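The values are calculated or read from the model by the stated rules, or taken from the named source; none is laboratory data. What you see is a predicted model, and the numbers here were worked out from it, not measured in a lab. Cβ sites come from the backbone with ideal geometry, for glycine too, and all protein chains shown count toward neighbours.
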Amino acid sequence: MRALFKEAQPGARLIDAPVPTPGPGEILVKVMATSVCGTDMHIYNWDGWAQSRFKGPMIFGHEMTGEVVQVGANVDPSLVKVGDHVSAETHLACGHCYQCRTGRKHICANLRILGVDAPGIFAEYAVIPAENAWVNDPEMPWEIASLQEPFGNAVQTVLAGPGVSSRTVLVTGCGPIGLMAIQVARASGATTIVATDVNEKRLALARGMGADVTVNPREADVVKVARDATRGNGVDVLLEFSGNQTAIRQGFGALTYGGHASMLGIPAGAIEFDLANDIVFKAATVIGISGRKMFETWYQVRELVTSGKVDLKSVISHRVPLTRFEEVFDAVNRGEAIKPVLLPQEL
Ligand code: NAD
Ligand code: ZN
């Protein structure tokens, strides 16, 4: 089978690999669509994080969907069976740590990630644990089914804490996850949505997805714009998707007293932050968001997608065969892509 193999150097290599065999508790999936995530870019570019974290050499990639073609021993058919269309929950929980045993697998103390700690899915076929399979409605388009994993990040972020219904919201960072979050916030009854990014193209997309006010922090004062849009109060909810120190500070600056912040973006390193003024005296509640709740978030994802309340197609920027991976990774590196979808079965 064709697969994207990652060695300890920048780039990746298309190889001919044996089709893997599912072991006990595992399934073999014919991969119909995969999408490219920021994590894959770190690995592809072989930056410091990837060098210290990636457990290769091996096939990488994690966002995926496909058809189950074989099941290993001890897989309960009521969970998943041959012929099912599945997406993968990409966080592999140990099942026996304190968090797992108290119903919080998404923050497993021994968490491993598909395509980072275990062989990934940029390939024609991939093996995943049966318990990580999420069975989709058969009519869901493959490219949409693949996007449910990053979409789940957006969903968990928006719905965390008090949620956004009848509240004013600031979204910092309009990458694919921030853009999807704007749609979720709109579908969930947010009143005013302010969105920031330094990329004008992404701000235009944000307006198309339901942002009422967009701000480029290089051109205008984010805190002032957010206050002006909220009767001088500041926003009720901050949803952080940039991982950028300046954006994070502006986000908290724009947050109202007693407001709520959900933090998904990951800064490249430690950042400076005014804890006293931005959290303590502001009496803000702050929640860190990791992955998707297993599987509460996936049920919410399915309802949002199948009801048509969100349109995930609008964040897809590329649909190309896996063999043309280089042009896609280059487009992401040049800042020209939003969410690329790679098709392993096409040439
Ligand atoms: P992305 O890098 O495409 O999006 C980040 C966006 O922030 C970009 O559009 C960028 O232009 C914008 N940005 C940069 N500086 C800014 C500034 N000063 N003000 C406003 N915007 C600014 O990433 P993504 O795929 O959309 O993911 C969003 C973030 O979430 C990333 O940091 C990613 O690492 C993180 N992430 C976290 C989890 C988790 O489980 N916590 C999971 C997936 C991704
Ligand atoms: Zn665990």
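For residues that are of a type outside the set (Lys, Arg) and within 14 Å of ligand 1 (Cβ to nearest atom), tally how many sit in the stretch 94-118. Don't jump to the end; show me each part of the working.
Taking the stretch 94-118 first, the residues of a type outside the set (Lys, Arg) are 94-100, 102-103, 106-111, 113-118.
Now narrow it down to the ones that are within 14 Å of ligand 1 (Cβ to nearest atom): 106-108, 111, 113-116.
Total meeting the criteria: 8.
If you go through the stretch 234-252, how many residues are more than 30 Å from residue 52 (Cα to Cα) and either in contact with an Asp or Glu (Cβ under 7 Å, 6 or more places away or on another chain) or exposed (fewer than 15 other Cβ atoms within 10 Å of the Cβ) (or both)? Talk me through it step by step, then tell me what you get.
Of the stretch 234-252, the ones more than 30 Å from residue 52 (Cα to Cα) are 234-238, 250-252.
Narrowing the set further to residues that are either in contact with an Asp or Glu (Cβ under 7 Å, 6 or more places away or on another chain) or exposed (fewer than 15 other Cβ atoms within 10 Å of the Cβ) (or both) leaves 251-252.
Selection size over the stretch 234-252: 2.
Give the stretch 3-50 a look and list any residue that's of a type in the set (Val, Ile, Thr) and surrounded by fewer than 21 Cβ atoms within 10 Å (Cβ to Cβ), or say none.
15, 19, 21
Going through 161, 210 one at a time, which residue ends up being more than 16 Å from ligand 2 (Cβ to nearest atom), at pLDDT 95 or above, under 24 Å from residue 341 (Cα atoms) and part of a loop (DSSP other than H, G, I, E, B)? So that I can check it myself, show each step before the final result.
Values: 161 fails: under 24 Å from residue 341 (Cα atoms).
Result: 210 is the single residue among 161, 210 that is more than 16 Å from ligand 2 (Cβ to nearest atom), at pLDDT 95 or above, under 24 Å from residue 341 (Cα atoms) and part of a loop (DSSP other than H, G, I, E, B).
Determine which single condition residue 242 fails, assuming it passes every other condition in (1) farther than 30 Å from residue 42 by Cβ; (2) in a loop (DSSP other than H, G, I, E, B); (3) in contact (Cβ under 8 Å) with a residue 12 or more places away in the chain.
Answer for residue 242: the failing condition is (1).
Does the stretch 61-104 hold any residues that are within 16 Å of ligand 2 (Cβ to nearest atom) and among the acidic types (Asp, Glu), and which are they?
Initially, the stretch 61-104 is screened for residues within 16 Å of ligand 2 (Cβ to nearest atom), giving 89-104.
Within the stretch 61-104, just 89 meets the criteria.
Could you please let me know if residue 190 is near ligand 1 (Cβ under 9 Å from one of its atoms) and surrounded by 24 or more Cβ atoms within 10 Å (Cβ to Cβ)?
Working: near ligand 1 (Cβ under 9 Å from one of its atoms): no; surrounded by 24 or more Cβ atoms within 10 Å (Cβ to Cβ): yes.
Taking the combined requirement at face value, the residue does not satisfy it.
Out of the residues in the stretch 241-299 that are out of contact with any strand residue (DSSP E or B) (no Cβ under 9 Å at 6 or more places or on another chain) and among the aliphatic types (A, V, I, L, M), state the one that is modelled with the lowest pLDDT.
The qualifying residue modelled with the lowest pLDDT is 268.
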